1. I'd like the residue in the stretch 142-183 that is among the aliphatic types (A, V, I, L, M) and out of contact with any Lys or Arg (no Cβ under 6 Å at 6 or more places or on another chain) and, out of all such residues, is nearest to LEU196 (Cα to Cα).
2. Could you check, for the stretch 3-23, whether at least one of its residues is of a type in the set (D, E, K, R) and either at pLDDT 85 or above or surrounded by 13 or more Cβ atoms within 10 Å (Cβ to Cβ) (or both)?
3. Looking for whichever is exposed (fewer than 14 other Cβ atoms within 10 Å of the Cβ) and assigned by TED's automatic domain parsing to the domain that holds PRO229 here; the options are SER84, SER128. Which one fits?
4. Looking at ILE141, ILE163, ILE123, which one is crowded, with 18+ Cβ neighbours inside 10 Å and of a type in the set (A, V, I, L, M, F, W, C)?
5. With (1) in contact with a Gly (Cβ under 9 Å, 6 or more places away or on another chain); (2) not in a strand (DSSP E or B) as the list, and PHE150 as the residue in question, which single condition is left unmet?
6. Tell me, which residue of the stretch 187-204 that is modelled with pLDDT of 90 or more and crowded, with 17+ Cβ neighbours inside 10 Å is farthest from ASP151 (Cα to Cα)?
7. Considering every residue within the stretch 171-187, establish whether at least one is in contact with a Leu (Cβ under 7 Å, 6 or more places away or on another chain) and not charged (D, E, K, R).
Amino acid sequence: MTVFTKTQYFIGIFIVFGIFTLYYLFFHSRVSISTFIENKCDLSLKESDNFICEDDTLWNYRKRVYAIQDERNMMKINHRIFFSTNWEPNFHCSYSHRVGKMGDGGKWVCDPFRLKDRPDCLIYSVGSYGEFSFEIDLKQILPHCEIHTFDFDLYKCPTGICIFHQIKFGDGSHGSKTWAMILKELNHTNRLIDILKMDIENSEYVFLPQIFQVSQSIKPRQILIELHPNEVHIKHSLFEQLRDNEYVIFNKEPNLEAGIDVAEYAFLRLNSEFFRNSQKTIDLKQNLNRNKIVN
């Protein structure tokens, strides 16, 4: 039979007490940090329509970056290669993920993990040409999302990946269907499209403006698109419409296979409050700079 001395007894109690103290502090600190984060991301949640949750300080810094780059984008520099000097990214997603194959066909998606809590997740992929790497990759990342793929020609989606529709996107003429017609036909008029990926060979300049005419609540959250050659004023007009409809640019890359007049862009729609407050931020900065000069 083991006999404990009084000293060993107190040491044992001290060790047990220390273990419970460390256990409590560890889990209590985790709860405190979690609560802190939840309480400090109200601004970003509001201004991103409940898509991004991050500390107010970081979010306000993003807004300053946006305001500065947006001002530069509006300068519209003349250059023989339009995309080399115009419309640079003005917003950055912390965990952008390239989805699909390398090179032409893959797209950058803004923080796809944020869609894991979206039970009604809906994705459109337009212009597949029978290449489904984007859909396959996205389904692995977000298996619960409903993916619809569209093309003018007839193809077949890989089993369990997507639903294929032989549809030509357009203005409703020559056998094409408008955005409103497609949403009604698929019974998606009351659903948010989380991601719209498009490669429709120059028809984007006619088709995208249709999207801006629908209710704000059903405009796609993300638009991933390949932009093709067109008149300079038409390209500027499309970017201005995206800007006016509260889309920021979070990615831009050249399509070297297609030529210098083709570029891949990725847009994210935010709440109108983000843009109003971003302008206030840059106005405040300008006023401070003026005061420094005066003083």
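The values are calculated or read from the model by the stated rules, or taken from the named source; none is laboratory data. Small disclaimer: the values here were computed from a predicted structure and weren't measured. No Cβ is skipped: glycine too gets one built from the backbone with ideal geometry, and neighbour counts run over all protein chains shown.
1. First, pick out the residues of the stretch 142-183 that are among the aliphatic types (A, V, I, L, M): 142, 147, 154, 161, 163, 167, 180-183.
Applying the additional criterion that residues be out of contact with any Lys or Arg (no Cβ under 6 Å at 6 or more places or on another chain) yields 142, 147, 154, 163, 180-183.
On the way: LEU142: 15, ILE147: 10, LEU154: 20, ILE163: 15, ALA180: 14, MET181: 16, ILE182: 13, LEU183: 13 Å.
Only one residue fits best here, namely ILE147.
2. No - not one qualifying residue is present in the stretch 3-23.
3. Working: SER128 fails: exposed (fewer than 14 other Cβ atoms within 10 Å of the Cβ).
That would be SER84, the only listed residue that is exposed (fewer than 14 other Cβ atoms within 10 Å of the Cβ) and assigned by TED's automatic domain parsing to the domain that holds PRO229.
4. Working: ILE141 fails: crowded, with 18+ Cβ neighbours inside 10 Å; ILE163 fails: crowded, with 18+ Cβ neighbours inside 10 Å.
Every option except ILE123 fails the conditions.
5. Checking PHE150 against (1) in contact with a Gly (Cβ under 9 Å, 6 or more places away or on another chain); (2) not in a strand (DSSP E or B), the one that fails is (2).
6. Looking at residues that are modelled with pLDDT of 90 or more and crowded, with 17+ Cβ neighbours inside 10 Å, I get ASP194.
7. Our first condition is that a residue be in contact with a Leu (Cβ under 7 Å, 6 or more places away or on another chain); within the stretch 171-187, this holds for none.
Checked against the condition, which is being in contact with a Leu (Cβ under 7 Å, 6 or more places away or on another chain) and not charged (D, E, K, R), the stretch 171-187 yields no hits at all.
Residue by residue, here is whether (1) in contact (Cβ under 8 Å) with a residue 40 or more places away in the chain; (2) within 15 Å of the chain's Cα centre (by Cα); (3) surrounded by fewer than 18 Cβ atoms within 10 Å (Cβ to Cβ) holds:
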{"residue": "SER94", "(1), (2), (3)": "yes, yes, yes"}
{"residue": "LYS116", "(1), (2), (3)": "no, yes, yes"}
{"residue": "PHE132", "(1), (2), (3)": "no, no, no"}
{"residue": "HIS148", "(1), (2), (3)": "no, no, no"}
{"residue": "GLY170", "(1), (2), (3)": "no, no, no"}
